[in-house]
Amino acid sequence: MRSFAALRTTETIEAAYDLIAKVPVSGRTVLDHAAELPRNERGAYLIAAAAHFAGLVPEAHRYRLLPVDLRTFVESRRYLGRRGIVYPAVMAAIAEMNDGSYVESVLTGGIGSGKTTAALLGMAWQHYLLSVLKDPHAAYGLDPASEILSVFQSMNARTARDNDYTRFRHMIAASPYFREVFPPDATRGAEIAFPRRIVARSLTGNVHAAIGANVMNALLDEINFMQIVEDSAQAADGGVFDQALEMYNGIVRRRKSRFLKDGRLPGMIYLVSSKRYPGEFTDRKIEEARRERAERGRSSIFVYDRTVYDIKPAGTYGAARWSLFLGDTTRRPRILSDEESGEEGAAVPPEDAHLIRRIPHEFRSEFEHDLLSAIRDIAGCSTLATNPYLINTEAVAAAFGARPSVLSLERTDFVTTRPAILREHIAEPQEPRLAHVDLAVSGDSAGVAVGYVERFVDVPRSGMEGGSTIERMPRIAFDLVLEVTPPRNGEIEFESLRRLFYALREAGMNLKWIGFDTYQSRDSIQLLRQQGFVTGTQSMDADSTAYDVAKTALYDGRVAAPAHDHARTELIRLERDPRTGRIDHPAGFSKDCADAMAGVIYGLTYRRDTWARHGESMTAILQSIARKMEQKDAKSETARAAGQGRHLSSS
């Protein structure tokens, strides 16, 4: 078979025409479509279509009709009739993702970027490929009585049905090819039954909805918005249930077990979603694709990550562009001035180039009105939080790295790694310390922080009528922030945390108070009381008070902590729930270290004896909160004394 990769000469075009004309049925459709194209497009189209048919010759025995190429399938009125509707940039991506080189496609980016349309057209293409096989079941070694299934799934049944399946259903119903050659039975509501036991079905959001089925193709929509539930009965270990991951893994296993043959996996999984937070499902798949390309020079995962201004034809938007800085864990996102960005962003430091987006002038007002939403929806980029609690990320970042840690590690499981205490880093050991522990459930990390009041500083406050006043407030110095992870296939042993506190005291640190959240802390509270520590509980989840105090201290520049990237990122990811006012982390992320730090800042700010130790007087508001904390301390001391009394009487 001759090659059609040569120059598009008249001879080549004529040869392409002759080859296409010899292909039964499908060739006639291609030539009919070519006749409807502008003259300047026909040559390239015919050469590409001929090359497609030529490439099918070695496997022609599998087909009852040779399939047309994907462009013809999408554009021709005989099939889907989408010429002039699907933008060329989207068409090129659809053709590449379905060229047989990939088994998964990740489709993400901004709204209006064609990601769902591309996935639906891909699903239609996969059904067309099945329709032209002589015997699909024999081709894949399946029982002819079984179904070959394509599924549509999302967060729940309604979303999958209304957003994707219904559009697919109408797409198929409008196609002359599917009506006449491969007519579906669409009377079943939630499924379309094609001839020869080929079925497209809308499923519920249950991760087991496709159990036992021969799933060849899947469209999983809004995958970044699926449930992530902690302490879930649906998780095998009672830990975190990740709906997207479980659903995806189930589909992958079924595809491989039924259809993988000689290293080839037919069909496709289309993973579709807008972006919310860095590190979500689509980000992880994109990173997996990057790793595969770096290691093997190719990837089985196609990545479609576009914006609406990427896909629309040239001339849709004006030439004027402005620069958007996306921000990171230490800097806020913002619109750059012309002086900051320079021509085409040339003034941006090279190390920040990946954080710059050039946005058409037509979208500027949306970014000025709601920057974070516009970053996600228009620029197609994730943000650390959707309703961020700590907007001043620069102030948060400035608090870290301000002093050395007294521990040799930022992260430990106390089994494979164990931090050493660096005695030389214990500053002002005589100052009373407060520790706060955010204990974890199985599979999660715990957060530990220890700090003290270094000194009091003047903080200017703006008055209601334009004046200002000075407040004296404590500056909080952190000795350590520690992330504690469970060992492999194990759980965190809280005894290790208690041993850490004993070791810090033995190293000369005046560790006086130890606070816990309210989960699994009773035993540790009692045991630490017996060792002379003042212990109690302080939940970071009851209301926002503790975090509000921590936020003020961070913004005032009154916090000095060791470098700890995980804790800093947790703080910046925090969100305020607009309905409840509570401070929480996004689904799938954590705030254990952030809770521990907030607990230390809150606890030290409202302890009367820390103020008295530094010769400062508390305001009336602070005193009322301090009295409550003193009552808790008194209860702790009473409980400790009672425990010692019981111990003496029994000895």
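As a summary of the residue check, Ile391 satisfies the conditions (1) farther than 27 Å from Tyr555 by Cβ; (2) β-branched (Val, Ile, Thr); (3) open to solvent by 40 Å² or more (accessible area, probe 1.4 Å) except for the one numbered (1). Residues of the stretch 525-543 that are hydroxyl-bearing (Ser, Thr, Tyr) and surrounded by fewer than 20 Cβ atoms within 10 Å (Cβ to Cβ): Thr537, Ser539. When restricted to residues that are surrounded by 19 or more Cβ atoms within 10 Å (Cβ to Cβ) and not in a helix (DSSP H, G or I), the stretch 368-388 contains 8. Applying a threshold of 8 Å to beta carbon distances and a minimum spacing of six or more residues, or different chains, the list of pairs starting in the stretch 524-538 at a residue that is more than 11 Å from Arg498 (Cα to Cα) and ending at one that is open to solvent by 70 Å² or more (accessible area, probe 1.4 Å) and hydroxyl-bearing (Ser, Thr, Tyr) reads Thr537/Thr518. The single condition among (1) modelled with pLDDT of 90 or more; (2) closer than 21 Å to Thr159 by Cα; (3) crowded, with 22+ Cβ neighbours inside 10 Å that Gln243 does not meet is (1).
With the structure loaded, tell me whether Arg418 is among the basic types (Lys, Arg) and under 22 Å from Leu528 (Cβ atoms) or whether it fails that test.
Values: among the basic types (Lys, Arg): yes; under 22 Å from Leu528 (Cβ atoms): yes.
Spelling it out, Arg418 is indeed among the basic types (Lys, Arg) and under 22 Å from Leu528 (Cβ atoms).
Applying the selection to the stretch 72-106, what residues are charged (D, E, K, R) and more than 20 Å from Lys22 (Cβ to Cβ)? Give the steps one after another, and end with the answer.
Kept after step one, since they are charged (D, E, K, R), are these residues of the stretch 72-106: 75, 77-78, 82-83, 96, 99, 104.
Passing the criteria: Glu75, Arg77, Arg82, Arg83, Glu96, Asp99, Glu104.
Taking the condition surrounded by fewer than 18 Cβ atoms within 10 Å (Cβ to Cβ), touching a strand residue (DSSP E or B) at 6+ places or on another chain (Cβ under 9 Å), touching a residue at least 60 places away in the same chain (Cβ under 8 Å) and not acidic (Asp, Glu), does Gly141 pass? When the stated conditions are applied, Gly141 passes them.
Within the stretch 590-600, the presence of a residue that is over 18 Å from Leu482 (Cα atoms), in contact (Cβ under 8 Å) with a residue 24 or more places away in the chain, open to solvent by 10 Å² or more (accessible area, probe 1.4 Å) and not in a loop (DSSP other than H, G, I, E, B) is excluded. Of everything listed in (1) surrounded by fewer than 21 Cβ atoms within 10 Å (Cβ to Cβ); (2) at pLDDT 95 or above; (3) not β-branched (Val, Ile, Thr), the single unmet condition for Ser105 is (1).
The number of residues in the stretch 444-475 that are of a type in the set (D, E, K, R) and either part of a loop (DSSP other than H, G, I, E, B) or farther than 23 Å from Asp556 by Cα (or both) comes to 2.
Looking at the stretch 476-508, which of the residues that are in a helix (DSSP H, G or I) and of a type in the set (Lys, Arg) is least open to solvent (accessible area, probe 1.4 Å)? Reasoning before the result, please.
Going through the stretch 476-508, the residues in a helix (DSSP H, G or I) turn out to be 494-506.
After this cut, where a residue has to be of a type in the set (Lys, Arg) as well, the list is 498-499, 505.
Values: Arg498: 40, Arg499: 97, Arg505: 86 Å².
The selected residue is Arg498.
Can Ala289 be described as outside any loop (DSSP other than H, G, I, E, B), open to solvent by 40 Å² or more (accessible area, probe 1.4 Å), hydrophobic (A, V, I, L, M, F, W, C) and out of contact with any helix residue (DSSP H, G or I) (no Cβ under 7 Å at 6 or more places or on another chain)? Against the criterion (outside any loop (DSSP other than H, G, I, E, B), open to solvent by 40 Å² or more (accessible area, probe 1.4 Å), hydrophobic (A, V, I, L, M, F, W, C) and out of contact with any helix residue (DSSP H, G or I) (no Cβ under 7 Å at 6 or more places or on another chain)), Ala289 does not qualify.
For the subset of the stretch 346-367 comprising residues that are in a strand (DSSP E or B) and open to solvent by less than 70 Å² (accessible area, probe 1.4 Å), which member is farthest from Leu336 (Cα to Cα)?
Pro360
Restricting attention to the stretch 46-71, the residues that are assigned to a loop (DSSP other than H, G, I, E, B) and among the β-branched types (Val, Ile, Thr) total 1. For the stretch 469-503, a residue qualifies if it is in contact (Cβ under 8 Å) with a residue 40 or more places away in the chain, of a type in the set (A, V, I, L, M) and over 17 Å from Val453 (Cα atoms), and the qualifying residues are Leu482, Val484, Ile492, Leu497, Leu500, Ala503.
Each row is one residue, and each column tells you yes or no for (1) assigned to a loop (DSSP other than H, G, I, E, B); (2) aliphatic (A, V, I, L, M); (3) closer than 18 Å to Leu219 by Cβ.
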site	(1), (2), (3)
Phe73	no, no, yes
Leu80	yes, yes, yes
Ala89	no, yes, no
Ala93	no, yes, yes
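The values are calculated or read from the model by the stated rules, or taken from the named source; none is laboratory data. Just so it is clear, the model here is predicted, and its values are computed rather than measured. No Cβ is skipped: glycine too gets one built from the backbone with ideal geometry, and neighbour counts run over all protein chains shown. SASA here: full protein model, heavy atoms, side chains in, ligands and nucleic acids out. Shrake-Rupley method; radii C 1.70, N 1.55, O 1.52, S 1.80 Å.
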